[in-house]
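Q: My structure is below; once you've seen it, I'll send some questions.
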Amino acid sequence: MAPSLTSSSALPDLEARLPQQRKLVTEVPGPRSRELQQRRAAVVAGGVGSSMPVYAADADGGIINDVDGNSFIDLGSGIAVTNVGASSPAVAAAVSEQATHFTHTCFMVTPYEGYIQVAEELARLTPGDHEKRTVLFNSGAEAVENAVKVARLATGRQGVVVFDHAYHGRTNLTMGLTAKTMPYKSNFGPFAPEIYRVPMSYPYREENPQITGEQAARRAISQIEKQLGAESTAAILIEPIQGEGGFIVPAEGFLPTLAAWARENGVVFIADEVQSGFCRTGAWFASDHEGVVPDLITMAKGIAGGMPLSAVTGRADLLDAVHPGGLGGTYGGNPVACAAAIATLDVMRELDLAGRARAIEGVVVPRLRALAEELGGSEGPIGDIRGRGAMLAVELVKPGTTEPDPEATKAIAAACLAEGVLILTCGTYGNIIRLLPPLVIGEQLLDDALTVLENAIRAAR
């Protein structure tokens with residue numbers, strides 16, 4: 001597991017509107033959730049999946065209350081979105097205040113200050129002290145797609161390099177950029193051309209366990225130069241910590257080596273921080289941990305406390321190379337979402353949520369490592385424990401092997417749900433438990449959730 005920037009042992013409770021305790025008063029799912037599921041089946045497309053069979057009625061801090069009155073501990077944060085909690089008073093107040101004045105004018109028609117304020121904040125917070133520009137969108141996939149557009153236009157090149165285990169979205173281009181076929185790509189092609197996939201640094205699954213990050217980067221660079229050539233490469237696109245692919249933290253030196261090669265060859269280095277951004281990893285951005293300064297950085301999820309907003313921020317010369325009207329969208333940088341973002345960033349600073357993410361790591365990782373040893377160490381079912389801050393993962397394998405165990409992973413998630421803890425799974429092989437608690441979760445609640453998770457892993461051996 002890669003080290004954090006700093007460590008912290010304090011995770012004080014924060015004031016919350018809802019009681020911060022797990023409580024089950026019905027079976028799971030309860031009767032009201034089952035009723036809503038029947039209504040859903042009649043009108044909602046079957047292709048829209050949900051990880052949990054319970055329907056939310058209220059949420060605050062580290063708790064989600066369902067429509068049956070059950071209280072679940074939230075270890076998913078809406079997939080790393082509600083870093084400040086699902087109903088932060090500051091965010092709710094900002095949304096209400098802005099909605100009182102106007103909900104939309106379209107920034108491309110009648111602009112407003114909130115969009116500019118968000119861009120100013122992102123220029124300050126994102127890595128690097130160079131001159132920057134920002135454009136706002138609605139979703140992470142939109143941000144990624146537009147970053148690729150910018151890179152191709154600015155360089156006059158077409159090739160885009162992505163990595164094994166990558167996830168970048170569900171639009172046509174971003175499906176092509178994504179590695180995993182099911183459920184994201186299967187039967188949805190053909191996909192956009194000029195996408196080249198190279199090996200990721202995946203320390204747990206390297207054939208040569210001694211390979212360094214720099215060597216793994218050189219392996220990828222060699223493949224780029226053979227398949228594509230630097231002169232045809234518009235961009236390298238990478239998640240500094242891979243999300244859906246399994247919370248894979250590349251070996252130290254991997255990212256800086258790739259970024260240096262890109263810089264030397266006029267290739268745009270794009271960091272996809274959609275899931276890893278905004279204090280989630282114990283720093284504002286995962287790129288910060290190794291001092292990597294991307295040319296462009298894509299953001300969404302944690303940026304606006306749950307309101308739909310995404311951004312591309314980066315070098316002014318790249319973003320200003322695009323002709324007027326070449327970037328934008330009707331709802332991009334919606335004024336209500338911008339107000340939420342400004343409030344969210346204020347809360348992150350005031351509560352030092354990067355510090356709280358490091359404190360969460362300090363609570364969770366020792367517990368998981370102790371459990372791994374209890375269950376047999378390298379011969380047990382826990383193959384790897386990894387991540388940074390509050391973006392942590394447990395990779396489950398069949399004991400005595402490195403063979404992925406997706407069946408046990410599903411069973412553990414189901415057992416946790418039955419006990420009132422919501423956890424998410426992921427990974428190319430479907431064998432990763434990912435832990436993404438809200439950064440405002442209290443230590444007692446986190447401790448309770450970990451006890452449930454530990455017992456579920458023990459029972460699934």
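Q: Note down the magnitude of the dipole of the chain about its Cα centre, charges +1 on Lys and Arg C-beta and -1 on Asp and Glu C-beta and zero elsewhere, to the nearest 20 debye.
A: Using Cβ point charges on Lys, Arg, Asp and Glu, the chain gives about 920 debye.
Q: Quick one: Cα centre-to-centre distance for segment 301-319 and segment 439-461, in angstrom?
A: Value for the Cα centre distance between the two parts: 33 Å.
Q: With both partners inside segment 91-350, how many of the DSSP beta bridges are antiparallel, as a percent to the nearest 5?
A: 40 percent
Q: Determine the alpha carbon to alpha carbon distance for each of 180/398; 301/410; 132/180 and list only those over 29 Å. Can you show the working numbers first?
A: Values: 180/398 22 Å; 301/410 25 Å; 132/180 33 Å.
Over 29 Å apart, Cα to Cα: 132/180.
Q: Here is a further query. What FRET efficiency, computed as 1/(1 + (r/R0)^6) with R0 = 45 Å and r the Cβ-Cβ distance, is obtained for residue 108 and residue 379, rounded to the nearest 0.05?
A: Efficiency, from the Cβ-Cβ distance: 0.15.
Q: Same structure again: By its C-alpha gyration tensor, with a ≥ b ≥ c as the square roots of the eigenvalues, how is the chain shaped: rounded for a/c under 1.5, else prolate for a/b larger than b/c, else oblate?
A: Values: a/c = 1.58, a/b = 1.15, b/c = 1.37.
Cα axes put the chain in the oblate bin.
Q: Where a ≥ b ≥ c are the square roots of the eigenvalues of the C-alpha gyration tensor, would you call segment 167-274 rounded, which needs a/c under 1.5, or, failing that, prolate if a/b is larger than b/c, or oblate? Each step should come with its number before you reach the end.
A: Working: a/c = 1.81, a/b = 1.23, b/c = 1.47.
Oblate, because a/c is 1.5 or more while a/b does not exceed b/c.
Q: Please name which of 175, 123, 270 has its Cα lying farthest along the dipole of segment 91-350 towards the positive end, using unit charges on Cβ (Lys, Arg +1; Asp, Glu -1) and the Cα centre as origin.
A: It is 175, whose Cα lies furthest towards the positive end.
Q: Ratio of alpha-carbon Rg to the 2.2 N^0.38 Å globular estimate for segment 91-350, to two decimals, please.
A: 0.99
Q: Treat every Asp and Glu Cβ in segment 91-350 as -1 and every Lys and Arg Cβ as +1, leave all other atoms uncharged, and give the resulting dipole magnitude about the Cα centre to the nearest 20 debye.
A: Working: 19 positive and 28 negative charges, 134 e Å.
The calculated dipole for segment 91-350 is roughly 640 debye.
Q: Further question on the same structure: Need one number: nm distance between label points at residue 459 and residue 187, each 7 Å from Cα along Cα→Cβ, rounded to one decimal.
A: Modelled inter-label distance: 3.5 nm.
Q: In percent, how large is the relative contact order of segment 91-350, given Cα pairs closer than 8 Å and 6 or more residues apart?
A: 31 percent
Q: So what's segment 68-127 giving for Cα Rg divided by 2.2 N^0.38 Å, two decimals?
A: So segment 68-127 has a normalised radius of gyration of 1.52.
Q: Right, next: Quote the FRET efficiency, to the nearest 0.05, computed for residue 15 versus residue 349 with a Förster distance R0 of 25 Å and r equal to the Cβ-Cβ distance.
A: 0.90
Q: HN-Hα J couplings of segment 409-425 from phi, Karplus 6.51/-1.76/1.60, θ = phi - 60°, integer Hz, Gly and Pro as x?
A: Computed from phi, the couplings for segment 409-425 are 4, 5, 5, 5, 4, 5, 5, 5, 4, 4, 9, x, 10, 9, 10, 10, 10 Hz.
Q: What does the helix-only formula give at 222 nm for the chain: each DSSP H stretch with n ≥ 4 adding -39500 (n - 2.57), the total divided by the residues, and the result rounded to the nearest 500 deg cm²/dmol? Can you show the working numbers first?
A: Details: 13 runs with 163 residues, N = 461.
It lands at -11000 deg cm²/dmol.
Quick note: the coordinates plus some simple rules give every number you see, no bench work behind them. These numbers come from a predicted model, not from an experiment. Neighbour counts run over all protein chains shown; Cβ positions are idealised from the backbone, glycine included.
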